[in-house]
Amino acid sequence: MTSIAATHDDHDHHHAPTGWRRWVFSTNHKDIGTMYLFFALFMLFLGGAMAMVIRAELFSPGLQFVSPEFYNNMFTNHALIMIFGMVMPAAAGMANWMIPMMIGAPDMALPRLNNLSFWLLPAGALMLVLSIVAPWVGGGMAVTAGWTLYPPISLQAGMSMDLLIFTIHLLGISSILASINIVTTILNMRAPGMTMMKMPVFVWAWFFTGVLLILIMPAFAGGVTMLLFDRHFGTSFFDAAGGGDPVLFQHLFWFFGHPEVYVLLLPSIGVLGMVVPTFSRKPLFGYKSLVYGMAFLATLGMVVWAHHQYTVGMSIWATKYFMIGTILISIPIGLMKFNFIFTMWRGSLTFETPMLFAIAIILMFAFAGVTGVMLAVVPADLQYHDTYFVVAHFHYALIPGAVFGLYAGVFYWLPKWTGHMYDEKLGKLFFWWTTISFNVTFFPQHFSGLAGMPRRIVDYGVQFTEFNMVSSVGAFAFGLSHLLFLYIIIKTIRGGEPAPAKPWEGAQAGTPGLEWTVSSPPPFHTFETPPEVK
Amino acid sequence: MTQQLPEQEQQQKNIYRTALISSVIVVGMFGFAFALVPLYNLICDVTGINSLFTQEKRVRIDADDIQIDQSRLIKLEFDATINGNLDWEFKPSLRSASVHPGQKMQTTYLLKNNTDQVITTQSIPGVTPWQATEFIKKVECFCFTTQTLQPGEAKEMGLTYVIDPQLPEQYTTVTLSYTIMNLDRDSVIKGGQQGPQNVAVLNK
């Protein structure tokens, strides 16, 4: 063992770099993880500011602050930023930080690739900002297509659409490279004795996320490349004038877009799989079934995409298949919920901030599950399609399902990352503030949607005024709560009660959890000598 | 100094192998997106899953053999749309017609090319409500072929149609819409970018 460490030290890992070089040339998984997380935090505020513009405009009927074109551009970019700029990088940041430490690897399998996949993100973000600015400096019509970028409207936009296509290429390449790296690390870098079925659930969750991304992201990149060809090189993949079919793009988009939902969700399920046993002080109930459930979810998620397209005019036979497939998804999701609920059953529960978030997720994600089954049923969906009911559904799926899972992860691992305990009182305040304001924002949208308010329109009928006012007030409170989140994070980085190596009493319940065997914060290099897992 | 232990070497090999396999999958999935273009058309043609209509189940009848149903009149509306922002004129000579199902009718659409270029066009039909689509039978239609117009040329294009008497009772008004498309792909790209004007209007 010692001889391995000696040769290892010899050919790699010189002294720790300092200054800007430490970050720009970083190949250290912890530093890259930190950069990912800060990037995601920045994008959270950018995308959140756009949501505030949307809700300010919708506070009352009529046109108040922005033009319809700019409004449409705002909801387009809000979605793209939150998905590609916030949730995915934040989850990748946690993967970078935690996976090597959890499985006892010295670093990611391909550290230089890791550096590249991070630094593609700011380049992509710059492209995205340029795409927003371009229409104001003579770049033609803004992108008003929504994040689905359906042609023909996306073919008609000005150069901001081209910039957005390049944004997607860059962010896509970044997440493909990160996924290859993570999957390779998980398969090859586990410490001796760390078998696949001993891995912490978070590692498993990211394994499936990575595999999904490797499968779907290139297909989407292909789809937007075809859009680019249609716009500039005279092809007509999606232009009916030249014999193309715009519906083909919808299939390509949702072939990516539906599994993408699970890409956003699974890392948070992984965090739940760590947090719930920790604060129940009990091993996870049904570890194997949870892993198989995630595999089932990922597989099923690949073959149900066209439930987003019921109104496009597919045959009854095809919609039937997609309906049944979609409803089947509630089986693995339900299984996961029961895994977590039975883990809590007769545990010695305490309610620190991560656990509060975990319980809120289990409860609120169930709302999204129920509305999801409603939307999966074809005759019902024809009514709900493109109304605010859908908006309420996917925000209930993605904010508790993905974003709150990341918040739980941040609070759970902040002591490990910074070496300081966060302020529990502020953490709890943040939890109640976000959870209540989130529900105030999105719960009324179920009602306005069922009453027939269409989504993606700057104006609405006066009968929806009250619902929208409540929604907007909730949204402003929800947005404001994130300043507290920022304050808590800064405060924890700057100081606080020193965290022990294992800050949570129940942290190693069930899984070996090697991340708790190193100090908080961990040294720059961990596990240069592979640890032995019994 | 670069001497590595066999197990480390093996691990490095495994890492490269996994990364290589993943990269091949990535390239394959990128190609898959493009392969879907022909595959999609093929699958839709063979299985018909991209169409809500079940055409096979109904008996097809020849337009000349259809019995005229004198008992009801269907209001058929004609509509014309130009795809893109082009300086053409395209309109039906008749806005609407009341016809008995089974009656063979004729009408025309007018197309004029106001540009200084030769253009080749094709019209794509659409029927509203869509449930009536298969009951509007075209005996002759300008949409079956392409039309080429010289600069400034105008053309009257014929359409002969019959409404199938099996059209369900609840449809009393049917709209037949044609969208005319420019088949010259190069000019679509150069002329079709409708950016700055629209922005100016919307930002007012």
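A simple spin-label model places the labels of A:Val473 and A:Trp20 4.8 nm from each other, with each point 7 Å out along Cα-to-Cβ.
Of all chymotrypsin sites (Phe, Trp or Tyr not before Pro) in region A:217-267, which ones are in loop regions per DSSP and have a Cβ with at most 16 other Cβ atoms within 10 Å?
Listed in order of number, the matching sites are A:Phe233.
Cross-link partners of A:Lys282 among aspartates and glutamates, defined as those whose alpha carbon lies under 12 angstrom from its own and excluding same-chain residues fewer than eight positions apart: A:Glu505. Counting lysine pairs in region B:67-185 whose alpha carbons fall under 20 angstrom apart, excluding pairs fewer than 8 residues apart on the same chain, gives 11.
Applying 1/(1 + (r/R0)^6) with R0 = 56 Å to the Cβ-Cβ distance of B:Gln106 and A:Ala56, what FRET efficiency is obtained, to the nearest 0.05? E(calc), rounded to 0.05, equals 0.50. Our summary gives chain A a relative contact order of 19 percent, counting only alpha carbon pairs under 8 angstrom and 6 or more residues apart. Its residues counted as N, region B:67-185 yields a C-alpha radius of gyration over 2.2 N^0.38 Å of 1.13. Here region A:286-300 is scanned for amide nitrogen atoms under 17 Å from the site 7 Å beyond the Cα of A:Met197 along Cα-to-Cβ, giving A:286-296.
Just to confirm the number: angle between the C-alpha axis of helix A:353-376 and the first principal axis of chain A, 0 to 90 degrees, nearest 10? Roughly 30 degrees between the two axes. Principal-axis analysis of the Cα atoms of chain A puts helix A:287-301 at an angle of about 30° to the longest axis. Taking the Cα centre of the protein assembly as shown as reference, the dipole from Cβ charges on Lys and Arg (+1) and Asp and Glu (-1) amounts to some 1620 debye. Working from Cα positions, state the angle (0 to 90°, nearest 10) between the long axis of helix A:246-280 and the longest principal axis of chain A. For helix A:246-280, the angle is close to 40 degrees. Relative to the current alpha-carbon distance between A:Tyr487 and A:His525, full extension at 0.36 nm per residue lengthens the span by 10.8 nm.
Averaging 1/r across all pairs of distinct Cα atoms in region A:46-517 and inverting the result yields a Kirkwood radius of 23.0 Å.
Loop-located trypsin sites (Lys or Arg not before Pro) in region A:245-353 (DSSP state other than H, G, I, E, B) with a sparse environment of at most 13 neighbouring Cβ atoms within 10 Å: A:Arg346.
Using a 7 Å offset from the Cα along the Cα-to-Cβ direction at both A:Ser330 and A:Ser289, what is the distance between the two label points in nm, to one decimal? Reported label-point gap for A:Ser330 and A:Ser289 is 1.8 nm.
Taking a straight line from the alpha carbon of A:Lys491, these lysines sit under 26 Å away, with near neighbours fewer than eight places off in the same chain left out: A:Lys30, A:Lys416, A:Lys425, A:Lys428, A:Lys502. For B:Thr115 and A:Leu63, the FRET efficiency from 1/(1 + (r/R0)^6), where r spans their Cβ atoms and R0 equals 35 Å, is about 0.45. If you plug the beta carbon distance of B:Gln131 and A:Glu466 into 1/(1 + (r/R0)^6) with R0 = 22 Å, you get a FRET efficiency near 0.05. The mean sequence distance of close C-alpha pairs (under 8 Å, at least 6 residues apart), as a share of the length of region A:429-524, puts its relative contact order at 29 percent.
Computed from the coordinates by the stated procedures, all read-outs in this text should not be read as laboratory data. Fair warning: this is a prediction, and the values are worked out from it, not measured in the lab. Counting neighbours? That spans all protein chains shown, and the Cβs are built from the backbone with ideal geometry, glycine included.
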